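Every read-out reported here was derived from the displayed coordinates using simple, explicitly stated rules and does not represent laboratory data. Please read all numbers here as calculations on a predicted model, not as lab measurements. Note that we place each Cβ from the backbone using ideal geometry, even for glycine, and neighbour counts take in every protein chain shown.
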Amino acid sequence: MSDWEVVIGLEIHAQLATKSKIFSGSSTAYGAPPNSQASLVDLAYPGVLPVLNAEAVRMAVKFGLSIGAEVARRSVFARKNYFYPDLPKGYQISQYELPVVKQGRLAIMLDDGAVKTVGVTRAHLEEDAGKSLHEGLGAATGIDLNRAGTPLLEIVSEPDMRSAKEAVAYMKKIHTLVRYLEICDGNMQEGSFRCDANVSVRPKGREKFGTRAEIKNLNSFRFVEKAINYEVARQIELLESGGTVVQETRLYDSDKDETRSMRSKEEANDYRYFPDPDLLPVQIDEAYIEAVRSTLPELPDDKAARFARDFGLSAYDAGVLSASRELGAYFEAVVAKLGATHAKLAANWVMGELSSALNRDNVDITASRVAPEQLSGLLTRIVDETISGKIAKEVFEAMWSEGKPADAIIEAKGLKQITDSGAIEKVIDAVIAANPKQLADYRSGKDKLFGFFVGQVMKATGGKANPAQLNELLKAKLG
Amino acid sequence: MLHNLSIGDLADRLATKQISSVELTRHFLGRIERLNPALNALITLTAELALQEAEAADRRRAAGERGPLLGIPLIHKDIFCTDGVRTSCGSRMLDNFTAPYDATVVARLKAAGAVMLGKANMDEFAMGSSNETSYYGPVRNPWDTSKVPGGSSGGSAAAAAARLAPFTTGTDTGGSIRQPAALTGVTGVKPTYGRVSRYGMVAFASSLDQAGVFARTAADAAIVLKAMAGFDPRDSTSIDTPVPDYPADLERPLTGLKIGLLREFFDGLEARNTALIQDALKIYRSLGAQTVEVSLPHLPLSVPTYYVVAPAECSSNLSRFDGVRFGYRCENPTDLLDLYQRSRGEGFGAEVKRRIMTGTYVLSAGYFDAYYLKAQKVRRLITDDFRAAFEQVDLLIGPTTPTPAFAIGAKIDDPVTMYLNDIYTIGANLAGLPGLSLPCGFVDGLPMGLQLIGPHFSESRLLNAAHRFQQATDWHSRSPRGYE
C-alpha cells in the first residue's frame with residue numbers, strides 16, 4: 001500500500017438555492033407531488049425556449065469570487081446531447097468550453113493541522129435532469145420532472161487530493177463555503193450537494209497519472225471516504241496482481257460497500273456538444289462583478305483567522321467554530337456576553353456540551369433549546385465560581401430539557417457551590433473519621449487514595465464543594 | 001370581390017360597417033371549402049373557432065376598439081403552436097399533438113383581432129423546398145396544380161396566392177418564405193433574425209429560424225409585420241429594439257437609394273430570368289435609385305454551410321420527439337430503446353431522418369472541427385461579406401430562385417438538386433438579415449420573384465422599396481386562373 005500514491009479529483013454538484021429553475025419559472029422546492037413543478041419548458045414541449053435565470057449566474061459569480069477565481073467575462077451554454085427519459089429535451093444545457101468560473105483555489109486543513117491548497121479547475125452552470133420512478137408502477141417506469149431544470153453549479157477540482165480523508169476535507173470545505181454564501185442549502189439527503197470522484201493510483205515518485213475510474217453520485221461524506229478507499233484498494237490489488245485499470249464509470253453500492261462498473265470508456269456517449277443557439281453568451285462586466293463582491297459575507301477562512309487572533313483559539317477550534325455561519329454566530333454571541341477573556345471556555349462548551357446535545361436530539365443550532373445568552377449565563381456562574389464545571393454540565397442538561405435559565409436551576413436544585421471553608425472542613429473531618437483504614441493506607445504511601453477522599457467529600461456534598469478549595473483543605477488534613 | 005381587396009381596404013369596410021368580420025370570415029371559409037381540395041394548402045380548418053373569433057372581433061369593434069387587423073382573417077403555418085388546436089408541423093410525429101399554448105406570433109395576431117381560419121400545410125418540420133415532404137401530402141401550386149408551390153411554407157404561400165385568406169404566416173430558415181412566395185407570385189417577408197419571437201414556433205434550426213408573413217402586397221405585409229414583431233422576454237434571441245411604423249414608411253421616395261446587384265446571383269442564371277431582373281432594375285432606376293454591381297465572394301459557399309449548420313441544430317432540436325411525453329408513440333414498445341427507435345423511425349419522414357443523420361454526423365467527435373466548426377467560420381465570412389456590401393449600398397437585389405415552380409415529383413428523389421433551390425435565399429439566413437420576395441414577372445406562365453436583402457433591421461426600407469415597385473407594376477395583382 002505504501003508503494004502507491006493515490007490521486008483524487010472531485011466534481012461536486014451543488015444545487016443552487018434559486019427560487020425558480022435555471023431556464024423556466026417553475027419552483028425548485030423539494031418534495032412536491034411528481035410533475036407538479038414541471039412547466040411546458042421543463043417538459044420540453046414543441047416550440048418552448050429557455051430563458052436564463054440571472055440569479056443562478058449571480059450565485060455562480062459569488063462562488064467564483066470566494067475561491068479567488070477569475071470570473072469569465074463571456075461564458076457560453078452548450079447542449080450535451082443524449083437520450084434518456086428523464087432528460088426531456090434529449091439534451092442537457094450545460095456550460096462546456098467556456099464556463100462562468102475559471103481557475104480558483106481552496107485551502108483545506110489536514111488531520112495533522114497542516115494546511116493544503118487544492119486547485120479548483122472551473123465551476124460551471126448547468127441544469128439537472130428529472131428522476132425515473134420504479135416503485136409501485138409494476139413493470140412500468142414513471143418520470144418525475146420536478147427536478148428537471150434545477151440549477152446546478154458543477155465545481156471541478158484539480159487532481160490534488162492524495163487520500164480519501166483529503167477528499168472529504170475538501171468536500172466539507174466546499175460544503176461550508178456554499179452554505180456561507182447562501183447559494184446552496186447543502187442538503188445531501190435531498191441531493192442538493194453530491195459529487196463524482198475521479199480516483200487513480202500511481203507508483204510513488206512517478207509523475208504520470210494512472211488510469212482513473214470515476215465513481216458517480218456520492219451523496220454523503222462517509223460514502224465518499226468509503227467509496228474512495230474501496231476503489232483505491234481495488235486498483236492497487238488489480239495492479240499488483242499484474243492487471244490494468246480500465247477507464248470507466250463506476251457506481252458505489254453503500255449496502256455492500258463496493259464500487260461496480262457502470263460503463264467503460266468505449267461505451268461512453270458521444271455527447272455532440274455544441275453552443276446552444278437558443279441562449280446568448282453570458283456577458284459579465286466589471287461593475288457587475290464588483291456589485292456581487294460587495295455582497296460577499298466574511299468567508300470561513302477569514303472568520304477562523306479572526307477567532308484565532310481575537311480569542312486566542314487554536315487553529316483547530318477556530319476551524320470547527322467557523323464551519324458554519326450559524327455556529328460561528330452562536331459562539332460569538334456567547335463570547336459577547338461572557339467576555340473575550342473567557343472565549344476558550346465558551347469554545348469548549350459550544351463544541352462540547354452544546355454540540356453533543358444538538359446532535360443527540362437532531363436539532364439545528366438556530367433552533368437550539370439553550371440560546372447563546374442562556375449559555376453565557378451558565379458559563380458566567382463557572383467563571384464566578386458559583387458552580388463547578390462538573391455541576392455546570394448537570395445544570396446545562398436541565399436547561400436543555402426544561403428551557404429555564406441557569407440561575408433558576410441552580411437555585412431550585414440547590415446546586416450552588418460550597419465555598420465556605422468551615423463547611424467543607426466539617427465534611428472532610430467526618431469522611432476521615434469514617435475511613436480509618438484508608439487513612440492509614442494513604443499515610444503509608446498509597447497516594448492514589450487521595451482521589452478516594454475527594455470522591456467521598458464530593459458525594460457527601462452532592463458535588464457542590466469547590467474543587468480547588470477541597471483539594472487544598474484535604475491535603476492539609478491528610479497531612 | 002372581397003378576397004381581392006387589400007387588408008387596408010378590408011379594414012375600411014369593417015370600420016364603415018359595410019361588412020362584418022363574421023361575413024368576411026364566412027366568405028374566406030367558403031373559398032377554402034371550395035378551392036382547398038385541389039390545393040391541399042390547409043391541413044386543419046378551424047371554421048367554428050374562426051366564427052367565434054370573428055364574432056369577438058365584431059364585438060370589440062362595436063365596443064369602440066380599432067385596429068388594422070381587427071376582424072381580418074388569416075391562416076397560420078402549422079409550425080406555430082395554437083392553443084387547443086392541432087399543431088402537426090406537417091409530421092406524423094405530431095399528427096396527434098394539440099398545442100396547450102399559443103406561440104407569441106399567434107398570441108400577438110390574436111390580440112390584434114386577426115381571425116384564424118385554419119393551419120397551413122408545410123414540409124415536415126419545415127425541411128423541404130417543395131412542400132412534398134409533408135405527412136399530409138404535397139401542396140399544389142394554384143398557377144399550375146401539377147407544379148410545387150415551393151417550401152417549406154408551401155401551404156401558406158399557395159393559400160395567399162389562391163386568396164384563401166388576406167394574409168398567412170410562415171417561417172424561413174433557408175428561404176422557406178421567400179422561395180414559395182416567388183413560386184406562387186405573392187409577397188413574402190423574412191424579417192431580421194430576432195425581430196419576431198420564435199417562442200411557440202416548433203424549432204428546426206434555432207440560429208436560422210425566423211417567422212414572417214405572406215401577403216399579396218408589401219403594403220399588406222407591412223401592416224401584419226408591425227403586429228407580429230417585437231421583443232419577447234420568452235425568446236432570449238429576440239432583440240429589444242423598437243418596432244418602426246412600417247406602413248408609415250411605405251411612401252418614402254427612392255431617390256438616391258443605392259441598390260447593389262449581387263454578381264454571384266447571376267452566374268448561370270437563365271437569360272429569361274436575368275431579363276426580368278434587368279427590367280426590375282430599370283423600374284428602380286426610373287424611381288430614382290442608383291444600381292451598382294457588388295460581389296460577395298463567400299456567398300457561393302452558402303448552401304454547403306447551411307447544410308452543416310441547419311442539420312446540426314435540427315438533430316438536437318428534434319431529440320425531444322421521443323415518444324415519451326407527447327406526439328407519436330409506436331405500438332407495444334418492448335423496451336426503452338425499442339420505444340425510441342420505432343417511435344422516431346415511424347414518426348419521422350425520410351427528409352427529416354436524412355437531416356438528423358447528417359446533423360448527428362457533423363457534431364460527432366472527430367468530425368466536429370472539420371464540419372460544424374468550419375461551417376461556423378464560413379458563416380462568419382459570409383456575414384462579413386454582407387456587412388462590407390452594406391457599406392457601399394442600401395440594399396441588395398437579385399432573383400429569389402433560379403427557376404420558376406417545378407413539377408411535383410421532379411426533384412424529390414434528388415436531395416442535392418432540391419437543396420440548390422435555396423441557393424439565393426440561404427445567405428440572408430446565415431447572416432441573420434431581412435429578405436423580401438416580390439413578384440417581378442412570369443416565365444412559362446409561372447411567377448418569378450425579385451429578392452431584396454437589407455442590413456439588420458432594415459425591414460422598413462425593404463417594404464418601402466417593394467411598395468414603390470408595386471406602385472409602378474402590376475405583377476402582384478395578377479391572380480392565378482380560377483382564383484380571381
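Placing R0 at 22 angstrom, the Cβ-Cβ distance between B:ALA248 and B:GLU391 gives a FRET efficiency of 0.20 after rounding to 0.05.
Using the number of other C-beta atoms within 10 angstrom as an exposure proxy, rank B:LYS411, A:LYS426 with the fewest first. Please list the in-between numbers first.
On the way: B:LYS411 19, A:LYS426 12.
Neighbour counts put them in this order, fewest first: A:LYS426, B:LYS411.
Relative to the longest principal axis of the Cα atoms of chain A, the long axis of helix A:164-180 lies at roughly 90 degrees.
Calculate log10 I(q)/I(0) of region A:313-420 for q = 0.16 Å⁻¹, where I(q) comes from the Debye formula with a single equal point scatterer on each Cα and nothing for solvent. Those come out to -0.66, one per q. Whole Å is fine, so just give me how far the alpha carbon centre of region B:426-483 lies from that of region A:365-420. Computed from Cα coordinates, the inter-centre distance equals 90 Å.
Here the label points at A:LYS172 and A:GLU394, each 7 Å from Cα along the C-beta direction, are separated by 3.4 nm in the simple model.
Fewest Cβ neighbours within 10 Å first, please rank B:THR16, B:THR184 accordingly. Please list the in-between numbers first.
Values: B:THR16 8, B:THR184 33.
Neighbour counts put them in this order, fewest first: B:THR16, B:THR184.
Treating each Cα of region A:179-246 as an identical point scatterer and ignoring solvent, apply the Debye formula and state log10 I(q)/I(0) at q = 0.21, 0.23, 0.24 Å⁻¹. Relative scattering, expressed as log10 I(q)/I(0), comes to -0.87, -0.97, -1.02. Given the C-alpha centroids of region A:102-117 and region B:370-396, what is the distance between them in whole angstrom? Between the Cα centres of region A:102-117 and region B:370-396 lies a distance of 50 Å.
Add +1 for every Lys or Arg and -1 for every Asp or Glu among the other residues with Cβ under 11 Å from the Cβ of A:ARG122, and state the total. Please list the in-between numbers first.
Values: positive: A:LYS102; negative: A:GLU11, A:GLU70, A:GLU97, A:GLU154, A:GLU158.
Combined, the nearby Lys, Arg, Asp and Glu give -4.
Which is farthest toward the positive dipole end of region A:354-479 among A:SER401, A:GLY422, A:PRO372, measuring Cα position about the Cα centre, with Cβ charges +1 (Lys, Arg) and -1 (Asp, Glu)? Among A:SER401, A:GLY422, A:PRO372, the one farthest towards the positive end of the dipole of region A:354-479 is A:GLY422.
Neighbouring Cβ atoms from other chains, within 10 Å of the Cβ of residues in A:273-282, number 5 on average. Divided by 2.2 N^0.38 Å, where N counts the residues, the Cα radius of gyration of region B:138-239 comes to 1.04. Helix A:449-460 axis versus longest C-alpha principal axis of chain A: approximately 90°, rounded to the nearest ten. With K and R counted +1 and D and E -1, the other residues having a Cβ less than 14 Å from that of B:PHE390 yield a net charge of -1. Other protein chain C-beta atoms within 10 Å of residue C-beta, averaged over A:85-92: 5.
What the Cβ-Cβ distance of A:ALA54 and A:ALA460 gives, at R0 = 51 Å and to the nearest 0.05, is a FRET efficiency of 0.15. Using only the Cα atoms of region B:300-376, each taken as one equal point scatterer with no solvent, compute I(q) by the Debye sum, divide by I(0), and report log10 of the ratio at q = 0.25, 0.26 Å⁻¹. For region B:300-376, the Cα-only Debye profile gives -1.06, -1.11.
Please give the charge dipole size of the protein assembly as shown, origin at the Cα centre, charges +1 on K and R Cβ atoms and -1 on D and E Cβ atoms. Round to the nearest 20 debye.
Numbers: 109 positive and 116 negative charges, 95 e Å.
Magnitude of the dipole: close to 460 debye.
For the cross-link pairs A:LYS131/A:LYS256; A:LYS102/B:LYS374; A:LYS116/A:LYS165; A:LYS390/A:LYS459; A:LYS437/A:LYS475, which exceed 19 Å when the distance is taken from alpha carbon to alpha carbon? In this structure, A:LYS131/A:LYS256; A:LYS102/B:LYS374 lie more than 19 Å apart at Cα. Take the Kirkwood radius over Cα pairs of chain B, plug it into Stokes-Einstein at 25 °C and 0.890 mPa s, and you get 111 µm²/s for translational diffusion.
Just want the ordering: B:ARG285, B:ARG342, A:ARG147, from fewest to most Cβ atoms lying within 10 Å of their own Cβ. All intermediate terms of the calculation are to be shown ahead of the outcome.
Values: B:ARG285 13, B:ARG342 18, A:ARG147 21.
If I rank by nearby Cβ atoms, fewest first, I get B:ARG285, B:ARG342, A:ARG147.
Charge dipole (Cα centre; +1 on Lys/Arg Cβ, -1 on Asp/Glu Cβ; no other charges) of region A:421-478 amounts to roughly 120 debye. Pairs from the table (A:LYS226/A:LYS393; B:LYS77/B:LYS258; A:LYS265/B:LYS353; A:LYS62/A:LYS303; A:LYS303/A:LYS416) lying more than 25 angstrom apart at Cα are A:LYS226/A:LYS393; B:LYS77/B:LYS258; A:LYS265/B:LYS353; A:LYS303/A:LYS416. Given R0 = 45 Å, the distance between the Cβ atoms of A:VAL363 and A:ASP270 translates into a calculated FRET efficiency of 0.35. Distance distribution P(r), region B:2-147, all Cα-Cα pairs, bin width 10 angstrom from 0: 12, 38, 34, 14, 2 percent.
Axis angle, to the nearest 10 degrees, between helix A:54-66 and the longest C-alpha principal axis of chain A: 60 degrees. The charge dipole of chain B, taken about its Cα centre with unit charges on the Cβ of Lys, Arg, Asp and Glu (plus for the first two, minus for the last two), comes to roughly 460 debye. Its residue count N sets the reference 2.2 N^0.38 Å, and the alpha-carbon radius of gyration of region A:261-354 equals 1.85 times that reference. The distance between label points at B:THR334 and B:THR16 comes to 7.2 nm (points 7 Å beyond Cα on the Cα→Cβ vector). Under Stokes-Einstein, with the Kirkwood radius over Cα pairs as Rh, the value for chain A at 4 °C and 1.567 mPa s is 49 µm²/s. If you wrap the tightest convex hull around every Cα atom of region B:390-484 and split its volume per residue, you get 124 Å³. For A:ARG222 and A:GLN189, the difference between the fully extended length at 0.36 nm per residue and the C-alpha to C-alpha distance is 10.6 nm. Both radii are taken from the alpha-carbon atoms of the protein assembly as shown; with Rh as the Kirkwood radius, Rg/Rh is 1.16. Each Lys or Arg adds one and each Asp or Glu subtracts one; over the other residues with Cβ under 11 Å from the Cβ of B:ILE43, this totals +1. For region A:15-85, the Cα-based Rg and Dmax, in that order, read 14.6, 42 Å.
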